[in-house]
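Peer 1: Provided herewith is a single structure, encoded as structure tokens, for subsequent inquiry.
The values are calculated or read from the model by the stated rules, or taken from the named source; none is laboratory data. It should be emphasised that the depicted structure is a prediction, and the values quoted were computed from it without experimental measurement. Quick reminder, even Gly has a Cβ in these numbers, built from the backbone with ideal geometry, and neighbours come from all protein chains shown.
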Amino acid sequence: MGSGAREAAFKALLGFDRDGAYINSALNSEMRGLDGRDRAFATELCYGCLKNRALLDYIISRFSKIRIKKMSHQVRIILELGAYQIMMTDRIPDSAACDESVKLAKKYANRSRGFVNGVLRGLCRGKESIAYPDRGDGEAEYLSIMFSFPLWAVKRLIDDYGAEECEKILAAANRAYPPYIRENSLKKTDGFVKALENDGIKAEPDGIIEGCYKIIGALDIAASDTYKNGLFTVQNRSSQLAAITLDPKPGMLAVDMCAAPGGKTTHMAELMENRGEIRAFDIHAHKIALIEAASKRLGIDIIKAEARDAAEPLEELIGKADRVLLDAPCSGLGVTHSKPDIRLRRKEEDIAELIEIQRRLLSAAALYVKSGGVLVYSTCTLLKAENGGQIKEFLKSHDDFELVSEQTLMTHETGGSGFYISKLLRK
């Protein structure tokens, strides 16, 4: 594990902090040319630093006379990378973490290389005696620092679930989980697992969700013929349950309100055996191509994808749909284990706006459902105001619908993303 991995992680984090780049695309760009081992190390460093940023900054502040907010982006990130290696890995010698961090400082913050060296050497000497926050000084404040979650989100999760369950949610968000794939039932073959092995992919059946497989080890779809040939889709196990709950049948008319990038849309088409019609909407025109590309790769031709604001009802579909899926825009607090940048970018003031968007989308979705039809509302957040609270308010003004089922999926219980799924029947 060499300097190239550390430099790639540094540059990706710098792009995220300074330029507002998406961390996944920034990291992928910086990892070009690295071998598999260094790519894995760079990914661990980058995502590990984001998942633990508040705690790492707290630790650094114990050994630095300069406040974190006064540091340049470059110096802060180099110190976080060094502190992560010293405090949160057990296979990297402290001396190597310090030396490599000083090398980065010499290249990207030369005037501060002595400062970087002093802080990290001090951490190596004093790491066993760090005084961490005291839980007695405030439960929410303690959890916010120890699990590097925004304080406002911690307070809301405590209000929704209690402090003990909140801590389990936050701990799960800081762990790494294996990816899941969904076998394409339209191209189902007895030799699926063997075909994956020939691609260097090791997978095991989920055991609960049919056609769902957990990946053991690395998954490189760019080098996979089974992926290119449309035998599977990368999709979290929790996400797969949305279309399964919707239960679309062959020949039906279905609507996917917020469809891009198309994982749930194509799953609906597979469950429909590629017979019937799916109208797929997304507000971002450039994302329609993602749905169309996924459909082509999987051998699906019943999806009609179009760029439109799904909150504005389409007259021709009112009262016509057998099934409607609304996987709504949300705060995303159930997927921070795989998208840690959410916890740094999402603001509390966003929640009220998201709830209003969800309300408008639900009202529009309800118009499309025919008598006896089904509406599924799902999110990848755990905030009750966006989930059960939203459905409770919906039912107050839509007495022609009844709640059939609802479930909240917790990462620490299922291994999948945090998810909410409710099923509504139009009477």
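Peer 1: Might you check whether a residue that is in contact (Cβ under 8 Å) with a residue 60 or more places away in the chain, assigned to a helix (DSSP H, G or I), under 19 Å from the mean Cα position of the chain (by Cα) and within 30 Å of A9 (Cβ to Cβ) occurs anywhere in region 324-343?
Peer 2: yes
Peer 1: While we're looking at this one, here's another question. Looking at region 119-141 only, could you name the residues that are part of a helix (DSSP H, G or I) and surrounded by 15 or more Cβ atoms within 10 Å (Cβ to Cβ)?
Peer 2: Of all residues in region 119-141, those part of a helix (DSSP H, G or I) come to 119-129, 135-137, 139-141.
Across region 119-141, the qualifying residues are V119, L120, R121, L123, C124, K127, E139, A140, E141.
Peer 1: Here is a follow-up. Go through C98, C46 for me and flag whichever is over 24 Å from L219 (Cα atoms) and crowded, with 19+ Cβ neighbours inside 10 Å. So that I can check it myself, show each step before the final result.
Peer 2: On the way: C46 fails: over 24 Å from L219 (Cα atoms).
C98 is the lone residue from the list that is over 24 Å from L219 (Cα atoms) and crowded, with 19+ Cβ neighbours inside 10 Å.
Peer 1: Wholly within region 160-226, which strands (runs of 3 or more DSSP E) include no fewer than the required count, namely at least 3 residues that are surrounded by fewer than 17 Cβ atoms within 10 Å (Cβ to Cβ)?
Peer 2: In region 160-226, 202-205 are the strands (runs of 3 or more DSSP E) which contain 3 or more residues that are surrounded by fewer than 17 Cβ atoms within 10 Å (Cβ to Cβ).
Peer 1: Continuing with this model, one more query. I'm checking my understanding of the structure. Among residues of region 245-270 that are part of a helix (DSSP H, G or I) and under 11 Å from L325 (Cβ atoms), which one is nearest to the chain's Cα centre (by Cα)? Break it down into steps so the answer makes sense when it comes.
Peer 2: First pass over region 245-270, keeping only residues part of a helix (DSSP H, G or I): 245-246, 263-270.
Of the ones still in play, those that are also under 11 Å from L325 (Cβ atoms) are 245-246, 264-265, 267-268.
Values: T245: 21, L246: 22, K264: 15, T265: 18, H267: 19, M268: 21 Å.
My answer is K264.
Peer 1: Within region 347-427, considering only helices (runs of 4 or more DSSP H) that don't extend past its boundaries, which have at least 1 residues that are of a type in the set (A, V, I, L, M)?
Peer 2: Working: elements: 349-368, 388-397, 411-414.
It comes to 349-368, 388-397.
For (1) of a type in the set (D, E); (2) assigned by TED's automatic domain parsing to the domain that holds K264; (3) modelled with pLDDT of 95 or more, each residue gets a yes or a no:
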site	(1), (2), (3)
A311	no, yes, yes
D322	yes, yes, yes
L326	no, yes, yes
G334	no, yes, yes
S338	no, yes, no
A364	no, yes, yes
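Peer 1: Another question, if that's okay. Considering only residues of region 326-377 that are of a type in the set (S, T, N, Q) and over 30 Å from E44 (Cβ atoms), which is surrounded by the fewest Cβ atoms within 10 Å (Cβ to Cβ)?
Peer 2: Here is the first cut: in region 326-377, the residues of a type in the set (S, T, N, Q) are 331, 336, 338, 358, 363, 371.
Cutting the leftovers down to over 30 Å from E44 (Cβ atoms) gives us 358, 363, 371.
On the way: Q358: 24, S363: 14, S371: 9.
So, considering only residues that are of a type in the set (S, T, N, Q) and over 30 Å from E44 (Cβ atoms), the one surrounded by the fewest Cβ atoms within 10 Å (Cβ to Cβ) is S371.
Peer 1: Right, something else. Do you know which residues across region 35-53 are modelled with pLDDT of 90 or more and over 19 Å from the mean Cα position of the chain (by Cα)?
Peer 2: D38, R39, F41
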